[in-house]
Amino acid sequence: MQTSLPIIIQGGMGAAVSDWRLANAVSRTGQLGVISGTALDIIMARRLQMGDPGGHMRRGLAAFPVPEMAKRVLDKYFVDGGKSDEEVFKTKPMISHRASQTTNELIVTANFVEVYLAKEGHSNPVGVNFLEKIQVPTLPSIYGAMLAGAEYILMGAGIPKAIPGILDQLAEGFDVEMKIDVKGLTEKGDPFVRFSPTKFANDLVSKLPRPKFLAIVSSHVLAKMLATKSSGEVNGFVVELPVAGGHNAPPRKKGEFNDIGEPVYGERDVPDLDAIAELGKPFWIAGGYGEPHQVKSALEAGAAGVQVGTAFAYCNESGFLRETKDQVIEQSRAGTVKVYTDAVASPTGFPFKVIELEDTLSNPVLYERRDRICDLGYLRHAYERDNGKIGWRCPSEPIDEYLEKGGDLSETVGRKCLCNSLVANVGLGQITGPGVIEEMLITSGDDAAHVARFAPAGSTEYSAEQVIEYLLSGVAV
């Protein structure tokens, strides 16, 4: 089993773009394959309803240490032969801060299965990436990943200072709780989510190996705070630059936009790598480091290596649909890829990078045509009601519903349903009407413009192993 630090961390791209297949392929090379932990419960539930092609979900569930839980999940969601193309996916309850045992069973088993499959056939480490902004399912998700032996947990899109201590407690089999962000919180409110391993598994599982924790940061200030004030040990950092895909940290200087509406990043947004190195923790640089000479320069700057996402997003093993990969690689070859940093698309309020494609929600016509709906709820915001109980709202839900819950009309402008669109990106979009499937929204870093460099002339196919070989071609390993 690999014991040294990886030079390449494959980015955890959600939902299910970085799935078990991609993480497995990368980890087999001796680098760190990373699963996206976003929405794995709905991902597994829908894969089962599609008939579980290849039997992979069922194989993972068969290894789950509490067989009766795995059976309950199978009985509820598996459709032998798969549902019809016109049939809607079975819904599941939107998770809240008081999740039921049934909800937790789906979350835990889904995370277990994804990690179990990513670790099959080799003995190298595997990581899972979570978003701090998706707080409610975090505790059972991490527990499921730990049950399957995940060696790394990575987290960004927020300030994850509670996570290291939670990993410590779960490793010992202790009950855990985590404070969530609640708008308008008063003393009446109870802003905590809780999870008990002993109650969940009836004392079957006790101590577990504690994964290493890598915090995804965009500044040395945040890195220092996490290194010194987290609830437990932070084992390293992924230092993300604004050109990285997915969610980006907002610019330090607010309110400045370029002529096409993108937030403007300046010198203050460039992380001080020397200051991060002084913290004495290993770090990897992410965003625009997808070339061999950049890997070499990162190592020379004191980094352990780099994190690369976009180059892997369009390889054969990623979860994107084949037609999406073909379209982006062909546009890359033609020099027509357009990546746009959308300041308002994400309900999180973080800037979100998207590729402008006609048949996705980046097309204003499709965006205006889509009925607003919130039926997955991963990016909902918690708020305190007048009675002290916690409610949930999303600026991408129907506007009248959002306003009834005390939301501000200005917060709804331009918001897109990332939950549904990102799941649609991997072929699991919900049926919303006769012949109507949820639209996609493709997120990528700026490197999408250059991914054709990996595919041979006349082809749109390349492997994760080819990306690794290319990235490491300038360094001795």
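Where a number appears in this text, it was derived from the coordinates with a stated rule and is not lab data. Keep in mind it's a predicted model, so treat the numbers as computed, not measured. Neighbour counts run over all protein chains shown; Cβ positions are idealised from the backbone, glycine included.
Couple of notes before you dig in:
- Cβ-to-Cβ counts within 10 Å put LEU403, LEU241, LEU167 in ascending order as LEU403, LEU241, LEU167, the fewest first.
- Loop sites in the stretch 57-101: GluC sites (Glu not before Pro), DSSP, at most 13 other Cβ within 10 Å: GLU86, GLU87
- Formal net charge of residues neighbouring ALA424 (Cβ-Cβ distance under 9 Å; K, R +1; D, E -1): -2
- Neighbour cut-off at most 15 other Cβ (10 Å), DSSP loop, trypsin sites (Lys or Arg not before Pro), the stretch 243-331: ARG252, LYS253, LYS254
- Full extension of the chain between ARG58 and ASP80 yields a length gain of 6.8 nm, computed as 0.36 nm times the residue separation minus the alpha carbon distance.
- Sequence-distant lysines (8 or more away, or on other chains) whose Cα lies within less than 19 Å of LYS92: LYS71, LYS76, LYS83
- This model, with +1 at the C-beta of Lys and Arg and -1 at the C-beta of Asp and Glu, gives the chain a dipole about its Cα centre of some 1000 debye.
- The stretch 381-417-the stretch 280-332 distance, computed between alpha-carbon centres (Å): 36 Å
- Proximal charge balance of VAL88 [Cβ under 12 Å; K/R count +1, D/E count -1]: -2
- By the rule of a C-alpha distance below 19 Å, with chain neighbours fewer than 8 residues away ignored, the aspartates and glutamates paired with LYS229 are GLU132, ASP168, GLU177, ASP181, GLU278.
- Linear extension gain, LEU366 paired with LYS254, 0.36 nm per residue minus alpha-carbon span: 37.4 nm
- For TYR152, TYR314, the sequence from fewest to most other C-beta atoms within 10 Å is TYR152, TYR314.
- Cross-link pairs exceeding 20 Å between alpha carbons, from the set LYS133/LYS281; LYS224/LYS296; LYS183/LYS353; LYS90/LYS183; LYS254/LYS353: LYS133/LYS281; LYS224/LYS296; LYS183/LYS353; LYS90/LYS183.
- Extending 7 Å from Cα along the Cβ direction at LYS338 and again at VAL264 yields two label points whose distance is 2.1 nm.
- Cα-based reach from LYS119 at 17 Å (exclusive), listing aspartates and glutamates while leaving out same-chain residues under 8 positions away: ASP19, GLU151, GLU317, GLU465
- The chain - mean residue ellipticity at 222 nm from DSSP helices (-39,500 (n - 2.57) per run, n ≥ 4, rounded to 500): -8500 deg cm²/dmol
- Charges were assigned to the Cβ only: +1 to each Lys and Arg, -1 to each Asp and Glu. The resulting dipole of the stretch 13-62 about its Cα centre is roughly 140 debye.
- As a rough footprinting exposure proxy, the listed residues PHE130, PHE192, PHE200 were ranked by other beta carbons within 10 Å of their own, and the order from fewest upward is PHE192, PHE200, PHE130.
- The stretch 188-248 and the stretch 141-169: distance between their alpha carbon centers, rounded to Å: 5 Å
- Net charge over other residues, Cβ less than 11 angstrom from the Cβ of VAL339 (K, R count +1; D, E count -1): -3
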